[in-house]
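The values are calculated or read from the model by the stated rules, or taken from the named source; none is laboratory data. These numbers were taken from a predicted model, which means no experiment stands behind them. Every residue, glycine among them, receives a Cβ derived from its backbone with ideal geometry; neighbour counts consider all protein chains shown.
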Ligand SMILES: [Fe+2]
């Protein structure tokens, strides 16, 4: 099985199409989506329709549930809260219902899928440091847990009583070790690289690759501005921050 793992699409239809084109070239036959399908960007229906069409196994992100009123935006910054309110009124009812019904956790092929952290999926915490990873890696039994949420791709690898962190573009996942993989963000990367990010996992060979894809950033920005969304949500796409 060759799996494309996507996260944090954030209503960026142009980035999603470029990633799906790349995934076809990579020979991906399975799609997993780690949440935050919507929020920030201007094309919620386009991306939700596409993810539904793909039949991607999908878990809920905080922005997905904010758009359908299941998560309060009190903890959101101003731009995120404005975007959530805009998304709530600019997304078809059937797509909002689909987002509301997403589970917090799924498990497929020895891999746990969750948007934020496996220890407390509904608290929307971040796992950024080795200290965080020690807590998180005690909270799942599978060999691999895939997450998004921080928009920052990287891998924690637990080997015996050591946890290492790597941002290497490819890594072979080995039996007997445990992995916490952040696949980065399709629609709003925040690691200084504006290209869309996703991961490809060959479950036979164990090879995991972080893939970056150039897309039409200006087209996505123009749609955000035309929708009346906060201009910062457009400008940050060019900076990748
Ligand atoms: Fe996100």
State the number of residues belonging to the range 84-104 that are closer than 23 Å to residue 117 by Cβ and crowded, with 18+ Cβ neighbours inside 10 Å. 3
Can you tell me which of 112, 52, 74 is more than 20 Å from residue 190 (Cα to Cα), modelled with pLDDT under 95 and either part of a helix (DSSP H, G or I) or more than 15 Å from the ligand (Cβ to nearest atom) (or both)? 74
Only one of 15, 60, 42, 66 is buried (at least 24 other Cβ atoms within 10 Å of the Cβ), over 21 Å from residue 234 (Cα atoms) and in contact with a helix residue (DSSP H, G or I) (Cβ under 9 Å, 6 or more places away or on another chain), namely 60
Looking at 219, 197, which is the one that is within 16 Å of residue 19 (Cβ to Cβ), touching a helix residue (DSSP H, G or I) at 6+ places or on another chain (Cβ under 9 Å), modelled with pLDDT of 95 or more and assigned to a strand (DSSP E or B)? 197
I need the full set of residues from the range 97-109 which are modelled with pLDDT of 95 or more, away from the ligand (no atom under 16 Å from the Cβ) and assigned to a loop (DSSP other than H, G, I, E, B), in order please. 101, 103
Residue 36 out of contact with any strand residue (DSSP E or B) (no Cβ under 6 Å at 6 or more places or on another chain), closer than 18 Å to residue 147 by Cβ, within 12 Å of the ligand (Cβ to nearest atom) and assigned to a loop (DSSP other than H, G, I, E, B): yes
Whichever residue in the range 168-185 is within 21 Å of residue 205 (Cβ to Cβ), within 18 Å of the chain's Cα centre (by Cα) and part of a loop (DSSP other than H, G, I, E, B) and, among such residues, is farthest from the ligand (Cβ to nearest atom): 169
Can you find a residue in the range 129-148 that is in contact (Cβ under 8 Å) with a residue 12 or more places away in the chain, touching a strand residue (DSSP E or B) at 6+ places or on another chain (Cβ under 9 Å), farther than 19 Å from residue 109 by Cβ and within 16 Å of the ligand (Cβ to nearest atom)? no
